[in-house]
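Engineer: Have a look at the structure that comes next, please.
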Amino acid sequence: MTEQTPLLRLDNITRNFGAIEALRGVSFDIARGEVVALLGDNGAGKSTLVKIISGGLEASSGRMIFDGEERMFNSPAEAKAAGIETVYQDLSLCTNVDVVANFFMGREIVKRCFGIPVLQEKAMYDAVEKAITNAGTRIPSLRTNVEHLSGGQRQAIELNRFVHWGGKLVLLDEPFAALGVEQTRRGLEMIKRVAAQGIGVVVITHIMAQAFQVADRMVVIRQGKVAGDVRREDTSPDEVIRMITGEASIGRAQEKKPQLHA
Amino acid sequence: MISSRQRALVEFLLDNLVWIMLAIVLAVFSLTIPNYFQIGIFVNIIEQSTFVGVMAIGLAIVVIAGNMDLSIESTMALSAMITGILFASHGIGIGFTTTPAWLVLPLSLGIAVAVGAVIGALNAWLVVKVRMNAFIVTLAAFIWVRGLVVAISGGRSAQDLAPEIRFMAIEPFLYIPLIAWVAIICFVIFTFIMRKTPFGRHITMIGGNAVATFRAGIRVDRLVAISFVLAGAISGLAGWLLAIRTSGATANLGVGMLFNAFAAVVIGGVSLKGGIGQLPGVYAGVLLIYSIHTAINLMGLPAHYTQMILGGMVLAAVLLDTAKLQIRQKLA
């Protein structure tokens, strides 16, 4: 097996808000097809880091190497164009329009008639139907407004949309906070399916059980620094909790590259 | 569990509820009010609906995008007044003419629309760039633009537009005057734009969730700005039509039409929360308002009864909206 460049490498990322140092030099890698759980207490700097990765905030210093190129994204749109997207709870869907419209949000298929772009509803419907069926997601009608769909279905739409548009790295912010047991189980399965297609997945969560169910690696952020970076099989929930609270600090996985291509 | 066909039918009926209401109201008036059922009455309703109708298109687009535009009535009056001052031959009109004479029609139209667009652009700038509240910005414009109308007219009026423009209000096509056709064509064009183009789709989605559209790479600020400029330009068109209808302009032209436009937009099923609404429904709302207005006139009741009914209808429309939402939730 050849040594592959990581999908995303964060190199000494810092971010200050005035005199406050939200991030004080964060470095870690994410490989293709890897699920990384990003853990940390409230205010540890997780959201700041996620925003920097997805173009919502600029880093004060440090480098980000994505897909072999040094990049810094100035806007979410730029990050998205490169293949990085954050899937927030509910925030990325317009519930007042149907599934098809959401799937093609900002990328509608149009045909120009006398210079006027006209939406091609049939073509878009067919594409969505295909993508949703391939992903094994069930949605009663693609013409239903998203407001009538369940939380799990909404998340499925967002993830399917992301995969369909050639996303490479997806950041999931508390993806299961509003979901029931069965929906969460399906959501975790979906994350594994997404990762199996070679997509990097970062899951931000507070729930240790979920992190251990889905993630290949745990990265713990504490006071703006990486307090722990460990592979799942090398650690335990108790140890991770100690890293979060600051009782232990381990950075083993930094040296030990994760196995690729399962 | 109901079938998808039944569900589609119910959805269709809910979407077009205001048209059904219009049909019922017209049927009831035709049966109960003497002289209501005649072509002249219906033509009159359509003609009266022209100005508020055109204005309501712009308002509806801004509201669907999740904003508010209170300035449309004054913008309309300003465009009408400038058309009057430039092209009317009596009163304060300077009677500007062109060779060939018919050129006055496109020229006056262009000026009226441009005046509206300028006011709209100013609103857009304050809302999008300066980040002021749209309600306040457009309320201020509602006041100062009307002030401007009074100032440039000195409170006096302009009369007598050239016959090359006037024919629009006089000549009928299929019984309906040409200016009313302008309103109908506007509704058709903008319905198409809202339903079938990315612009319309994006405006609707911005009204639903501006954050999501921004994340999706849609240029939200630009589209919101365009919606305000459009509302201004369309109000300018409404002003041009109103000037033609009255063959000139007075300083208090169109006072009170803002409330009719708002009522029409709400009755037509546009949600003030944004993201929901169809333009044909808005036109039906305007027609409904003027059907009732005409009925009250025919019955010889004082005009303020229209206002009371209108107020009641707006409340009913909002209640209906909630009921519709509940039915839809049961369907899903």
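Engineer: Name the one entry in B:24, B:45 that is without any contact (Cβ under 8 Å) to a residue 12 or more places away in the chain, assigned to a helix (DSSP H, G or I) and either touching a Cys at 6+ places or on another chain (Cβ under 6 Å) or more than 30 Å from residue B:199 (Cα to Cα) (or both).
Structural biologist: B:24
Engineer: Filter region A:195-214 down to the residues that are among the small types (Gly, Ala, Ser), over 22 Å from residue A:137 (Cβ atoms) and crowded, with 21+ Cβ neighbours inside 10 Å and list them by number.
Structural biologist: Selection gives A:211 alone.
Engineer: For residue A:111, are the conditions met, namely being farther than 22 Å from residue A:81 by Cβ, of a type in the set (Lys, Arg) and either more than 9 Å from chain B (Cβ to nearest Cβ) or free of Cβ contacts under 8 Å to residues at least 12 places away in the same chain (or both)?
Structural biologist: yes
Engineer: Suppose we filter region B:275-293 for residues that are β-branched (Val, Ile, Thr) and either in contact with a His (Cβ under 8 Å, 6 or more places away or on another chain) or open to solvent by less than 10 Å² (accessible area, probe 1.4 Å) (or both); how many remain?
Structural biologist: Matching residues across region B:275-293 total 3.
Yes or no, residue by residue, for (1) surrounded by fewer than 18 Cβ atoms within 10 Å (Cβ to Cβ); (2) within 14 Å of another protein chain (Cβ to nearest Cβ); (3) touching a Cys at 6+ places or on another chain (Cβ under 9 Å); (4) among the basic types (Lys, Arg):
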{"residue": "A:102", "(1), (2), (3), (4)": "no, yes, yes, no"}
{"residue": "A:133", "(1), (2), (3), (4)": "yes, no, no, no"}
{"residue": "A:182", "(1), (2), (3), (4)": "yes, no, no, no"}
{"residue": "A:193", "(1), (2), (3), (4)": "yes, no, no, yes"}
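Engineer: Here is a follow-up. For residues in region A:65-91 being over 25 Å from residue B:218 (Cβ atoms) and not charged (D, E, K, R), which is farthest from the chain's Cα centre (by Cα)?
Structural biologist: If we take residues in region A:65-91 being over 25 Å from residue B:218 (Cβ atoms) and not charged (D, E, K, R), then A:68 is farthest from the chain's Cα centre (by Cα).
Engineer: Within region B:235-254, which residues are of a type in the set (Val, Ile, Thr) and open to solvent by less than 10 Å² (accessible area, probe 1.4 Å)?
Structural biologist: Hit for region B:235-254 is B:244, nothing else.
Engineer: If I filter region A:67-85 down to residues being assigned to a strand (DSSP E or B), open to solvent by 10 Å² or more (accessible area, probe 1.4 Å) and in contact with a Lys or Arg (Cβ under 9 Å, 6 or more places away or on another chain), which single residue comes out as farthest from the other protein chains (Cβ to nearest Cβ)?
Structural biologist: A:70
Engineer: Does region A:142-164 include one or more residues that are touching a residue at least 12 places away in the same chain (Cβ under 8 Å), within 21 Å of residue A:8 (Cβ to Cβ) and aromatic (Phe, Trp, Tyr)?
Structural biologist: Within region A:142-164 (the criterion being touching a residue at least 12 places away in the same chain (Cβ under 8 Å), within 21 Å of residue A:8 (Cβ to Cβ) and aromatic (Phe, Trp, Tyr)), the answer is yes, since at least one residue qualifies.
Engineer: Kindly indicate which of A:158, A:174, A:189, A:182 is of a type outside the set (Ser, Thr, Tyr) and not assigned by TED's automatic domain parsing to the domain that holds residue A:47.
Structural biologist: Answer to the check: A:158.
Engineer: Determine, yes or no, whether residue B:182 is farther than 25 Å from residue B:88 by Cα and out of contact with any strand residue (DSSP E or B) (no Cβ under 6 Å at 6 or more places or on another chain).
Structural biologist: no
Engineer: From A:121, A:34, A:78, A:69, which residue is touching a residue at least 60 places away in the same chain (Cβ under 8 Å) and of a type in the set (Asp, Glu)?
Structural biologist: Going through A:121, A:34, A:78, A:69 in turn, the sole match is A:34.
Engineer: Still on this structure: Would you call residue A:94 over 20 Å from residue A:7 (Cβ atoms) and open to solvent by 10 Å² or more (accessible area, probe 1.4 Å)?
Structural biologist: In short, no.
The values are calculated or read from the model by the stated rules, or taken from the named source; none is laboratory data. On a predicted model such as this, the values are computed, not experimentally measured, just so you know. Ideal geometry is used to build each Cβ from the backbone, glycine not excepted, and the neighbour counts take in all protein chains shown. For accessibility, only protein heavy atoms count, side chains too; no ligands or nucleic acids. Shrake-Rupley method; radii C 1.70, N 1.55, O 1.52, S 1.80 Å.
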